[in-house]
Every structure is written in C-alpha cells, then in structure tokens.
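These notes concern the structure reproduced below.
Read the figures in this text as sums done on the coordinates, not as results from a lab. A quick note: this is a predicted structure, and the numbers were derived from the prediction, not measured. Cβ: placed from backbone, ideal geometry, glycine included. Neighbour counts: every protein chain shown.
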C-alpha cells in the first residue's frame, strides 16, 4: 500500500492512498467468507460453501462492495500510522478508482492535530503564594487545640461571644407549641439555633427572661414564631495553661516547644501540598497561554462532552438535580455550557502543548511505564492489572494510556525546568515544594482528557 499526504488549510490534510490489486484480493476473499454465512446454498451449511458457488449466487460486484466497505477504514488507519498523523475527527473518504476493478485509490480529507509554535515553554515562571507559618498562626492553632481541652465554669456576668448559656426554651406560634426544652446549652456566636437567639442571648444574665420573634433555624420557610427563653446560667470556657504539663497530657510531646514545632511542621506540610497543586495548576495555565493557534473544534467538543458527562455523574452520585445545581450557582443551562466550553478549550490547549513538549524533548513511554500505570489503574478500580489491560485493549484505549503517560512525563519535565518564585519574586527551591514523587502528574492538568476514565477501566 502506498500513501502520500498533502497539507490543506485549517489543520486539514489530504491523504491519498493506493492499494494494489493483489493486496485487495485478500479483502475480497474475506468478504466472500462473510457472505457465505448469509447465502443459502443447497447441500452446504452456512459458511461452508465454496467461493465459486457463493460468487455465482451473489455476484463478484456484491463481494467487492462488501470488501470496500470493510477494508477502507483499515487502509485509512494504516496510512495514518505510516505517515504519523494524529486525526482529531472522522475522515471524509472519496473512492477515486477501483470500485469495479483494478487497484484501489481513495482520498481521505481529515483534520489533524495542529503543529504548535509553542515558544518559551523551556523557561516558564510560576508564582506561588508560599510563605512560612508565622508565630501568630502557630499560636492560633495551639489555641484551637487548647479549646478542645477547655472546661466550662459558671460566671456572674453578662454573656458574650464564646460563652455557653444554659437555658430553658419555649417556641410557639399562636396557640401551637413548636419547641419545649429544658437545660439546653448554647454557645454564643455559633448561631446553631438561628441568629436571633444569638443576638438576644448576647449580654443576657442569669435569671433573665427573653421574648422575641424569629424563624426556626430548621424551618425558616414557615415564618416567625415567638421565643420565650429563661437564662439559667452563663458559663465561660477556661482553657488550660499553655505549659509543658498540658503539652504532655494533651499530646505525645513533653514540652510546649516540641508541640509548637510539630504544629509548625504540620502547617508547612499542608502548605507544601497546596503549593505542589498550585504549581501544577499555574504551570498549566502558563503553558496554555503559549498556544496562540486556534485549536480544533472537534477536540474542544469531545473534551466538553467529557466534562458534561463527569458533571452529570457527580450530580447523580450526590442526588442533586441539574435545576437545583444551576440555581445554587446562579446559572442557566446556556451559561453552564458556555463555561464548560471555555474550560474545554483551555484544557485542549494544554493537552496539545504537553504533546508538543513530549515530542520536542523526546519523552518516550517504556513498557515499564505502561505496566506501572496499569497497576495504578488496577488499584483504583479494584481489579487485577491483567484484567485492566484486557478491558482497555478491548476498547482500543491503550493508545490513550500511552498518550496520558507521555504527557505526564511532559508535566514532570516542565516542573523540573520551570522557575518557581514567591509573590515577592524570590526563588523557591523545588525541594521545598515537591517530594520525590510529587512531580508525577495525577490528572491535575487537563491532560487527563486523553487518559481513560475509571468507568472505561472498571
């Protein structure tokens, strides 16, 4: 089989293919074998009649038509592979010769992934909001830990924020009692029973009787009800002293210095993880901004459909109706689709750019890389790696697996070669953000559009 490629406008190419007559004869033989299963010939079971008898029954033209219908897609795919093309939409195939006899000639017009100029990816600069934990932030976290060990003590003063108030409460509407409760303990400032209760309890003293109208926190649609509240006690929370004795009782550390150091380490570990995620996100945003070419609409539509499908699945898992979701976000359906379309276009830009980086930097995928990815997918889906491979192969998704791995390698390469700075422009050392495995992309970039989704594997 011979093939040539002619570039056309708009990321399209014309693929001209010629298949020799003797090569096409194999497809004709296969067509006769298929037709034999549908032709009744006395004395022969379906599929067992000789070719000459099948040909006499259906005619050579019918077999050739069947062979063309079945073989042309395969010839096109072989030509695509031979010429290292990357189609983004189904081809328009025009048979120019061989319909009745002779060699097969056809042209295929197909849109392919555009070649990107992509200048400047080697030296991207990423600004991260990373800073050390301050002493005040550490002390605030220590105070929150002390809160868990605080004790309530009755005080003889007006109640304020943070105090707990022991009350009897009656709520009624007209002559119907809605709530009748004794010895309820409320913390002022939490608004657990509605903001009006907090407002009225603030400044109250033991022995006060409060009356006011408000809605019930768990039934705001039913309108106002009358609250009658007897304040019985005001209690303040007394925190333990922040000393070594308390540190030893409340934690595995012997001193406050050790406890504060651990709190600081935990805060910085969280910020390190947040920094790693932010670095990837901002790096991908910066990479996408380098793409000035118009991306293929077919890719944008496919990515948009993927996002719509994922959103629908998430809403279904949470038993949320689409109208409720739209109302909560203040959107209508058209606005949501516009949002998803914009996100899809940006994701496609990033996806194409990562492919270009992988190509230019000669980032290859080894068999070991594939086995590692299959093991990861198997762990996520609770299946064995061999079963995952069979499932993906049956859906022709192994190419997507390799593509996803290759683009993950491009993310790793970019993370190594980009410049990380804080908001003041100071250089951030890579090891301050990423551990040994942190540079691996886990679908955080938009390149996930080329990787198989869990339902494809499961």
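Cβ crowding within 10 Å ranks 106, 44 as 44, 106, fewest other Cβ atoms first. Against the compact-protein benchmark of 2.2 N^0.38 Å, the Cα-based radius of gyration of the stretch 212-267 scales to 2.15. In terms of its C-alpha gyration tensor, the stretch 151-238 comes out prolate, because a/c is 1.5 or above and the ratio a/b outweighs b/c.
Which one is right for this structure if Kirkwood radius over Cα pairs in Å is calculated from it: [x] 29.5; [y] 22.6; [z] 26.5? So the structure-derived entry is [x]. Helix 256-289 and the longest principal axis of the C-alpha atoms of the chain enclose an angle of approximately 40°. Two numbers describe the Cα atoms of the stretch 2-111: Rg and Dmax, which are 16.6, 58 Å.
With respect to the chain, whose longest principal axis is taken over its alpha-carbon atoms, helix 297-317 is tilted by about 40°.
Mean separation of Cα pairs under 8 Å and 6 or more residues apart, divided by the residue count, gives the stretch 151-238 a relative contact order of 42 percent.
Would you calculate a helix-derived [θ] at 222 nm for the chain, using -39,500 (n - 2.57) for each DSSP H run of n ≥ 4 and dividing by the full residue count, to the nearest 500?
Computed mean residue ellipticity for the chain: -15500 deg cm²/dmol.
Place the peptides 345-355, 403-413, 224-234 in order of packing, highest mean first, counting for every residue the other Cβ atoms within 10 Å and averaging per peptide.
345-355, 403-413, 224-234
Look at the alpha carbon pairs under 8 Å that are at least 6 residues apart: their mean separation over the length of the stretch 285-457 gives a relative contact order of 26 percent. When each of the peptides 273-283, 75-85, 2-12 is scored by the mean number of other C-beta atoms lying within 10 Å of its residues, the order from highest to lowest reads 273-283, 75-85, 2-12. Rounded to the nearest 10 degrees, the inclination of helix 60-82 to the longest alpha-carbon principal axis of the chain is 50 degrees. Of the peptides 30-39, 249-258, the order by per-residue mean of other Cβ atoms within 10 Å, starting with the highest, comes out as 30-39, 249-258.
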